[in-house]
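Following: one structure in structure tokens, then a few remarks.
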Amino acid sequence: MQEFVILKAFNVSVHHLKAPVIKEILWHPPLYNWIKCNTDGAALGSPGLTSCGGIFRDYTANFLGGFSINIGNAYALHAELIGAMNAIEIAHSKGWNHLWLESDSQLVNLAFKSSHIVPWKLRNRWFNCLEMVKSMHFRVTHIYREGNCCADRMAPLGITVNGFYWWDIVPPSVKGDYINNLMGLPSFRFH
């Protein structure tokens, strides 16, 4: 306290640091009979070695499968979009007609409203995916990175595989976050 008295005597104003805002982030399972796929992309450089991944869960939060893909040399946006397209293609091939796609990329969400942001190399595949979702009950939402932990761990696994890899069981590196989601435990975002 004495230090504050001295500072005040010399007319030194004290600027206290602003306390960070802490936001609780929860992953929510989808509605009854829906499948939720969380996707994410990973890039080492721009362009650089990229991969993507996704995790499918049902309305009870049970693991239905996941994927990891080594994309090769590309941009981060490519990785994010390829993850979303694979989620749609997989759900379509498995007859999962109630798909909720969730990503921590705002650009993925925007691409469903404005296809002009999709790079031309991906446009044909993107438009095919848009046709697939017309025959589904489909929704796409954004989630903060802190709530997308499982997909965030699935994506870099793609670097370690050749091409596409399907996971029938939860990968060990994802298990901790998967259990936290299953139990409804929050993650925290600081800003």
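Throughout, read-outs are computed from the coordinates displayed, never taken from laboratory work. What you are looking at is a predicted structure, and each value in this text was computed from that prediction instead of being measured. FYI the Cβ positions are ideal-geometry reconstructions off the backbone, even for glycines, and counts take in every protein chain you see.
Of the residues SER135, SER115, GLY83, the one whose Cα sits farthest toward the positive end of the charge dipole of the chain, with +1 on the Cβ of Lys and Arg and -1 on the Cβ of Asp and Glu, is SER115. Stokes-Einstein, applied to the Kirkwood radius of region 147-191 over Cα pairs at a viscosity of 0.692 mPa s and 37 °C, places its translational diffusion at 279 µm² s⁻¹. Ranking SER68, GLN106, ILE159 by Cα position along the charge dipole of region 33-190, where only Lys, Arg, Asp and Glu carry charges on their C-beta atoms, puts GLN106 farthest toward the positive end.
In terms of surrounding Cβ atoms within a 10 Å radius of their Cβ, HIS98, HIS15 rank from fewest to most as HIS15, HIS98.
Computed from Cα positions, the angle between helix 172-182 and the longest principal axis of the chain comes to roughly 80 degrees. The dipole here belongs to region 19-141: it is taken about the Cα centre, uses +1 on the Cβ of Lys and Arg and -1 on the Cβ of Asp and Glu, and is about 280 debye. Annotated for the chain: lysine pairs at least 8 residues apart or interchain, Cα distance under 30 Å, count 16. Arranged from fewest to most other beta-carbon atoms within 10 Å of their beta carbon, SER187, SER114 become SER114, SER187.
How big is the C-alpha Rg of region 33-190 next to the rule-of-thumb value 2.2 N^0.38 Å, as a ratio?
Details: Rg = 14.5 Å, N = 158, 2.2 N^0.38 = 15.1 Å.
Against the empirical 2.2 N^0.38 Å value, I get 0.96 for region 33-190.
Scalar couplings 3J(HN,Hα) for region 19-32, obtained by applying the Karplus form with A = 6.51, B = -1.76, C = 1.60 to θ = phi - 60°, are 5, x, 8, 10, 10, 7, 10, 10, 8, 10, x, x, 5, 3 Hz; x denotes Gly and Pro.
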